[in-house]
Amino acid sequence: MLGDARYQGFTAEVQRLGWKPPSQRSRFDHLPLVVETAHEGTKLVTVPRDVVQEVPLEHPDLPWFVELGLRWHTVPLISNMQLLIGGIRYPAAPFNTRFVANRDRHPWPGRRERVRHHPAHGRTAGH
């Protein structure tokens, strides 16, 4: 399996809608945005790779962690979450630090059920 385990179904669906993954697959392939309107139906929008900023993940106490080659997007401006304010639903609202402030609802990138890049890294870290 490549990528985030919780998006396997979404990846299959965007492929069914016509998205072609890169010829050289990686753990960090960028999926297209899926935009749906009542008037235009469903459209796939590819985000150019060079506009998505990512940083390598490291751990202050575990120097080997950087060797896993994990990375994370710097600012998740568009997400699969909806913003609800005063009864109005904003399905394409930008989010930023909500991921950090709400870790229990939005699991951090190293949780076992999310990222299975290296099964032993949790044991090596003492978990």
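The values are calculated or read from the model by the stated rules, or taken from the named source; none is laboratory data. Model, not experiment: these values are computed from the prediction. When we count neighbours, we look across all protein chains shown, and the Cβ atoms used for this are built from the backbone with ideal geometry, even at glycine. Accessible surface is based on the protein model in full, side chains and every heavy atom, while ligands, DNA and RNA are left aside. Shrake-Rupley method; radii C 1.70, N 1.55, O 1.52, S 1.80 Å.
Taken over the stretch 1-34, the criterion of being hydrophobic (A, V, I, L, M, F, W, C) and either at positive phi or open to solvent by 70 Å² or more (accessible area, probe 1.4 Å) (or both) is satisfied by 1, 2, 10, 17.
In the set (1) open to solvent by 80 Å² or more (accessible area, probe 1.4 Å); (2) at pLDDT 90 or above, residue 78 fails one condition alone, (2). Collect the residues in the stretch 1-49 that are hydrophobic (A, V, I, L, M, F, W, C), within 16 Å of residue 73 (Cβ to Cβ) and in contact with a Lys or Arg (Cβ under 8 Å, 6 or more places away or on another chain), keeping them in residue-number order. Correct list: 28 only.
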